[in-house]
Amino acid sequence: MTGFEAPNTTAVAFVGLGVMGLPMLANVAGAGFDARAFDIAPQARERAREHGHTVVDTSADALAPADVVITMLPDTPHVEQVAREVLATCRPGTLLIDMSTISPLTTAELARTLADAGMAMVDAPVSGGVRGAVAGALSIMVGGAPEDVERARPVLAPMGEVTRMGPAGAGQATKACNQVAVAINIQAVCEAFTLGVKLGVDPEPLRKALLGGSAASWVLEHLGPQMIDGDDSAGFRIALQVKDLRIATDAAARTATPLPGAAGVQDLYLEAVAHGEATNGNQALSRVYERLAAVHIARQ
Ligand code: NAD
């Protein structure tokens, strides 16, 4: 194993080159790391090649030389799959940094499995969206043993602000809490706009009035205008919001934790999916409320 004190000698495998992974890879490669990239989708590999990255056509070609493996994949089963490939392909001492949003409980189990094989894993899910990924300004919530997090830090630093939250799984637990708080906040803004419209108050002055008081929030400030403009574009897709709320409510169920707010907003997002709106941005929960209450939040 080479030293992590000299970042550009660290061989990095970057697996998962989607809307988040590709700009994150650009920041890792831009910081001088020797990065080999892989995605199962040929079109994602092609896009990464067009951006000038070193892309290989099999996961083994990416994983075999790696000191550090970064994953940015859709969901828990995808990370479990790549973790199995890491176990089969990589050398003892390899560090897996999973930056996807997946189950905290599965993460803790995977970290134990990798440790048993003489490898290490840290979970490092992110908040900040595509904009944060491009700017290298993600909030990175990290779980893992302190020495593993220190090994991960130089590779993570080009992608954003690193905060260690606790042992393996604590990063994913933090991300689940983040998603619960954001989703319920979106619901709160939708309900305020819905009631306002029903009572004859225009949503934009209502939004401005609420921003000046204790109802002010990031959601009201940044997603409220999109709801009012009828801009359903993503941003953060409803399909991912549903996945993240499932992760949170599943962890809640497995730990006997009642979360009525998260369960309720999850059902409302499923209504959006049932109407074919899974690719809308998560602010488009407002469309569900427009149907429920027969109102127009979006300007006509
Ligand atoms: P995405 O669907 O755009 O990209 C995922 C990529 O993983 C795809 O290109 C897919 O082909 C690839 N992939 C799937 N299985 C694979 C495998 N076994 N081996 C190699 N490649 C594989 O998703 P995204 O929006 O980039 O999100 C990735 C993760 O980041 C998700 O867990 C998501 O919840 C989280 N996240 C997304 C955002 C966002 O704004 N999009 C923000 C924060 C966190």
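The values are calculated or read from the model by the stated rules, or taken from the named source; none is laboratory data. Since this is a predicted model, take the numbers as computed values, not measurements. All Cβ positions, even for glycine, are placed from backbone atoms using ideal geometry, and neighbour counts span all protein chains on display. Accessible surface is based on the protein model in full, side chains and every heavy atom, while ligands, DNA and RNA are left aside. Shrake-Rupley method; radii C 1.70, N 1.55, O 1.52, S 1.80 Å.
For the structure I just gave you, tell me whether Ser214 is closer than 26 Å to Val130 by Cα and among the small types (Gly, Ala, Ser). It is false that Ser214 is closer than 26 Å to Val130 by Cα and among the small types (Gly, Ala, Ser). Scanning region 107-118 for residues that are in contact (Cβ under 8 Å) with a residue 24 or more places away in the chain and open to solvent by 20 Å² or more (accessible area, probe 1.4 Å) gives Ala108, Leu110, Arg112, Thr113, Ala117, Gly118. Return the residues of region 64-87 that are in a helix (DSSP H, G or I) and either at positive phi or within 13 Å of the ligand (Cβ to nearest atom) (or both); say none if nothing qualifies. The answer is Thr76, Pro77, His78, Val79, Glu80, Gln81, Val82, Ala83, Arg84, Glu85, Val86.
One line per residue, one yes/no per condition, for (1) farther than 25 Å from Gly128 by Cα; (2) modelled with pLDDT of 95 or more; (3) touching a helix residue (DSSP H, G or I) at 6+ places or on another chain (Cβ under 6 Å); (4) among the small types (Gly, Ala, Ser):
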site: Asp232; (1), (2), (3), (4): no, yes, yes, no
site: Gln241; (1), (2), (3), (4): no, yes, yes, no
site: Ala256; (1), (2), (3), (4): yes, yes, no, yes
site: Ala272; (1), (2), (3), (4): no, yes, yes, yes
site: Gly276; (1), (2), (3), (4): yes, yes, no, yes
site: Val288; (1), (2), (3), (4): no, yes, yes, no
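For the residues Val19, Val12, Val28, the requirement of being under 22 Å from Arg84 (Cβ atoms) and within 24 Å of the chain's Cα centre (by Cα) singles out Val12. Among the residues of region 158-179, is there at least one that is farther than 28 Å from Ala272 by Cβ, among the acidic types (Asp, Glu) and surrounded by 20 or more Cβ atoms within 10 Å (Cβ to Cβ)? Checking region 158-179: not a single residue is farther than 28 Å from Ala272 by Cβ, among the acidic types (Asp, Glu) and surrounded by 20 or more Cβ atoms within 10 Å (Cβ to Cβ). Per the listing Leu114, Leu95, Leu156, the residue uniquely in contact with a strand residue (DSSP E or B) (Cβ under 7 Å, 6 or more places away or on another chain), of a type outside the set (Lys, Arg) and either within 16 Å of the ligand (Cβ to nearest atom) or closer than 24 Å to Ala234 by Cβ (or both) is Leu156.
Checked against the criterion of being surrounded by fewer than 20 Cβ atoms within 10 Å (Cβ to Cβ) and not charged (D, E, K, R), the candidates Val155, Val201, Val149 yield just one match: Val201. Summed over region 28-63, residues that are more than 9 Å from the ligand (Cβ to nearest atom) and of a type in the set (Phe, Trp, Tyr) total 1. Residues in region 33-62 that are surrounded by fewer than 14 Cβ atoms within 10 Å (Cβ to Cβ) and closer than 21 Å to Leu156 by Cα: 1 in all. Scan region 274-300 for residues that are crowded, with 16+ Cβ neighbours inside 10 Å and either β-branched (Val, Ile, Thr) or in a loop (DSSP other than H, G, I, E, B) (or both) and the total you get is 7.
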